1. Quote to one decimal, in nm, the extra length available between residue 67 and residue 88 on full extension: 0.36 nm per residue of separation minus the C-alpha distance between them.
2. Shape of the stretch 283-357 from its Cα gyration tensor (a ≥ b ≥ c, root eigenvalues): rounded if a/c is under 1.5, otherwise prolate when a/b > b/c, or oblate?
3. Find the centroid of the Cα atoms in the stretch 293-370 and in the stretch 83-155, then give the distance between the two in whole Å.
4. Given a Förster distance of 22 Å, report the FRET efficiency between residue 168 and residue 267 from their Cβ-Cβ distance, rounded to the nearest 0.05.
5. Given labels modelled 7 Å from the Cα in the Cβ direction, how far is it in nm from residue 131 to residue 253?
6. How far, in degrees from 0 to 90, does helix 283-302 lean away from the longest principal axis of the Cα atoms of the chain, to the nearest 10?
7. Could you tell me the calculated FRET efficiency between residue 51 and residue 298, based on Cβ-Cβ distance and R0 = 56 angstrom, to the nearest 0.05?
8. Could you put 316, 163 in order, starting from the residue whose Cβ has the fewest other Cβ atoms within 10 Å?
């Protein structure tokens, strides 16, 4: 263990630099990155993109949870997806931290991550100098957060609390930055959740939400939670029935709603909000990709041979084809508009890409200053 200006450096990484093979990158446990050569510290360098610490406490618990000594040997596609999501927690947290920096300073701000789960978001914001709090209703997931922070030597405060519980929420105080990543679709009452989020957002503060898109062509083909065809376009009661045929012991808590629902609910709470997805400039290419996915979906309905009741299968197919038809009509209109009103065509293309091409919506909310 080496102490350098009060920063403990215990994790060593060989720098892949063809010009000098003797250089080492030494990462102080989440608090700094330094170059070392011949036992001497040379300079502080930019923090690289972090990943899960190999052999750390977090990785050990994840392997135990999935009974896997080697993640590469996990063949079940759904388990593989869940494992990859857990392993990407640090990367996802860093990306959102970088995005928020375009809209707000982070250092010294009070920051709350709702549904902190594996802990990558609290870690990223703590490393940026925020005063961090994370909450989650799952004690099992909170254990991951604690172990991740332990692996990086960063102190974060995480608590078992529900965003739906007013007493839980108000006990936390106010925050200048709040994130709710992939969480709003899992709560029983999203209206209450958004009311509580806005209530503890400081004047002038930012709320950032990441929400899955129920009409994303890719998610209709294979959803981002269970890889089930068509489940995102079903009403909750029907999605529950579909889900339970494959995961009878697993509670289905996913509720998909439209983008307008979230925008209108937030605006009704007196805050400004906007979708900040970065849409492709090549509209024709993006729309063609979406069109091709819907073509694959149509073919999939023709060979939709899974072991579920026939009435359920028909209901799934009817709803899926209804969305595919809606996109095709709008896609045809886009091609007509291109010839007579290019500006309207571009506006329609953006709407189609946002509604059918984006897997997730990124919503940025700002509360007015008092």
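No lab work stands behind these numbers, since they all come straight from the coordinates. Model, not experiment: these values are computed from the prediction. With ideal geometry, Cβ positions are generated from the backbone for all residues, glycine too; neighbour counts draw on all protein chains shown.
1. 5.7 nm
2. prolate
3. With the stretch 293-370 and the stretch 83-155 each reduced to a Cα centre, they are spaced 32 Å.
4. Numbers: r = 25 Å, r/R0 = 1.15.
Here the calculated transfer efficiency is 0.30.
5. Placing both labels 7 Å along Cα→Cβ, they lie 2.9 nm apart.
6. On a 0 to 90 degree scale, this one is about 70.
7. Numbers: r = 39 Å, r/R0 = 0.70.
According to the calculation, E is roughly 0.90.
8. 316, 163
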